[in-house]
Amino acid sequence: MTESILVARNLVKTYTQRSGKFGFGTTLVKALDNVSITLRAGSTLAVVGESGSGKSTLARCLLQLQPLDSGEVLFAGEDLAKLNGPALRAVRKNLQMVFQDPFASLNPRMRVGEIVGEGLVIHDVGNSAEQQQKVIAMLKRVGLTEADMQKYPHEFSGGQRQRIGIARALVLQPKLVVCDEPVSALDVSIQAQILLLLKELQAEMALSYLFISHDLRVVRHIADDIVVMNQGKIVEQGAVVDIYQRPQHEYTQNLLAAIPGKKIDLSKKTVNA
């Protein structure tokens with residue numbers, strides 16, 4: 001049986017929200033309501049649901065970017081909540097994220113080489129010459145060039161910017177990558193290229209993905225297992241083939257019924273989109 005790289009148990013996260021006619025009242029909202037997931041090493045677990053379902057909160061809490069009210073998150077057997085300082089920093093090298101918006105997630109004042117290499121500097125990986133070679137190699141692997149190191153984000157298309165974001169996440173050779181709606185801001189044809197790139201990199205680098213998405217059409221092409229969330233709770237989970245062919249929960253059935261007709265074609269090789 002494949003080893004689990006990430007296990008989250010009984011996660012609870014609440015927010016205080018203003019309510020009432022003039023916003024003077026407060027209401028507790030459970031963004032995560034006793035959520036438990038398991039991600040097998042080398043596989044892709046997709047977390048799907050509509051906006052407000054809690055899936056992005058789950059991603060941030062798993063990465064310790066937001067504190068949990070209760071529950072535990074085990075990464076490679078270590079409880080992340082019990083780590084701090086240098087210990088948490090060392091683990092974070094193996095936990096990286098690809099963000100939703102390739103336009104907003106890249107610092108417009110930094111050159112691409114600096115953006116991709118920033119993690120290497122922070123984690124003190126090699127000397128400057130070695131860092132530069134790692135950056136060049138990763139840029140080439142995602143379909144960009146060495147010359148692109150000197151450019152700024154505004155000089156690239158949306159698909160190219162997301163390739164930069166992927167290079168930034170993978171240059172540290174992490175074990176787990178959280179992909180938070182990584183193709184939702186892209187055209188359908190570019191989505192296919194980015195998904196194919198992610199699958200190729202996963203196979204080459206033995207990566208595990210937690211893939212956050214509202215779009216079951218996208219998830220079908222990359223996930224091994226699916227967790228369906230609604231209002232902070234998991235309503236259904238299972239292997240991708242079972243969820244698509246035999247959905248049990250009404251909410252999952254409605255999500256599947258809402259899938260648009262146009263399919264994503266992953267048959268083409270990746271190009272510099």
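The values are calculated or read from the model by the stated rules, or taken from the named source; none is laboratory data. Being a predicted model, the structure only gives us computed values, none of them experimental. Cβ: placed from backbone, ideal geometry, glycine included. Neighbour counts: every protein chain shown.
Please work out which residue is modelled with the highest pLDDT, limiting yourself to segment 252-273 and to residues that are crowded, with 19+ Cβ neighbours inside 10 Å and part of a helix (DSSP H, G or I).
T252
Would you say G54 is among the small types (G, A, S) and in contact with a Leu (Cβ under 8 Å, 6 or more places away or on another chain)?
Working: among the small types (G, A, S): yes; in contact with a Leu (Cβ under 8 Å, 6 or more places away or on another chain): yes.
Yes.
Being assigned to a loop (DSSP other than H, G, I, E, B) and either at pLDDT below 95 or within 10 Å of the chain's Cα centre (by Cα) (or both) is the filter here; which residues of segment 171-213 pass it?
First, pick out the residues of segment 171-213 that are assigned to a loop (DSSP other than H, G, I, E, B): 171-175, 181-187, 206-207.
The answer is E181, P182, V183, S184, A185, L186, D187.
Somewhere in segment 104-123, is a residue among the acidic types (D, E) and either more than 22 Å from L198 (Cα to Cα) or surrounded by fewer than 16 Cβ atoms within 10 Å (Cβ to Cβ) (or both)?
yes
If I ask for residues that are small (G, A, S), in contact (Cβ under 8 Å) with a residue 24 or more places away in the chain and farther than 23 Å from E181 by Cβ, which ones from segment 108-165 would you list?
Of the residues in segment 108-165, the ones small (G, A, S) are 113, 117, 119, 126, 128-129, 137, 143, 147, 157-159, 165.
Then drop every residue that is not in contact (Cβ under 8 Å) with a residue 24 or more places away in the chain, which leaves 113, 117, 119, 143, 157-159, 165.
G113, G117 - these are the residues of segment 108-165 that are small (G, A, S), in contact (Cβ under 8 Å) with a residue 24 or more places away in the chain and farther than 23 Å from E181 by Cβ.
Scan M138, M110 and give me the residue that is touching a helix residue (DSSP H, G or I) at 6+ places or on another chain (Cβ under 6 Å) and at pLDDT 95 or above. Full working, then the answer.
Numbers: M110 fails: touching a helix residue (DSSP H, G or I) at 6+ places or on another chain (Cβ under 6 Å).
Only one candidate passes the filter, namely M138.
Which of the following residues is polar (S, T, N, Q), surrounded by fewer than 18 Cβ atoms within 10 Å (Cβ to Cβ) and touching a residue at least 24 places away in the same chain (Cβ under 8 Å): N94, N84?
Values: N84 fails: touching a residue at least 24 places away in the same chain (Cβ under 8 Å).
After applying the criteria, what remains is N94.
Residue-wise test of (1) surrounded by 22 or more Cβ atoms within 10 Å (Cβ to Cβ); (2) among the polar types (S, T, N, Q); (3) touching a Pro at 6+ places or on another chain (Cβ under 8 Å); (4) under 16 Å from R111 (Cα atoms).
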site	(1), (2), (3), (4)
D148	yes, no, no, yes
K151	no, no, no, yes
Q162	yes, yes, yes, yes
V188	no, no, no, no
L198	yes, no, yes, no
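Would you check if A167 is at pLDDT 95 or above, under 15 Å from L207 (Cα atoms) and not in a strand (DSSP E or B)? Even if it seems obvious, please write down each step before you answer.
Details: at pLDDT 95 or above: yes; under 15 Å from L207 (Cα atoms): yes; not in a strand (DSSP E or B): yes.
So A167 fits the description; yes.
Of the residues G119, G143, G159, which is in a loop (DSSP other than H, G, I, E, B) and touching a helix residue (DSSP H, G or I) at 6+ places or on another chain (Cβ under 8 Å)? Don't jump to the end; show me each part of the working.
Values: G119 fails: in a loop (DSSP other than H, G, I, E, B); G159 fails: in a loop (DSSP other than H, G, I, E, B).
It is G143.
Going through segment 22-65 one residue at a time, which ones are closer than 23 Å to Q96 by Cα, exposed (fewer than 14 other Cβ atoms within 10 Å of the Cβ) and in contact (Cβ under 8 Å) with a residue 12 or more places away in the chain?
Answer for segment 22-65, where residues must be closer than 23 Å to Q96 by Cα, exposed (fewer than 14 other Cβ atoms within 10 Å of the Cβ) and in contact (Cβ under 8 Å) with a residue 12 or more places away in the chain: just S51.
Just for segment 214-228: of the residues that are of a type outside the set (A, V, I, L, M, F, W, C) and modelled with pLDDT of 95 or more, which one is surrounded by the most Cβ atoms within 10 Å (Cβ to Cβ)? Steps first, answer last, please.
Here is the first cut: in segment 214-228, the residues of a type outside the set (A, V, I, L, M, F, W, C) are 214-215, 217, 220-221, 224-225.
Adding the requirement that they be modelled with pLDDT of 95 or more leaves 224-225.
Working: D224: 17, D225: 19.
The extreme case among them is D225.
Six or more apart or on different chains, Cβ atoms under 6 Å: show the pairs whose first residue is in segment 242-254 and under 13 Å from L216 (Cα atoms) and whose second is polar (S, T, N, Q).
From residues that are under 13 Å from L216 (Cα atoms), the pairs are P247/Q253; Y251/N230.
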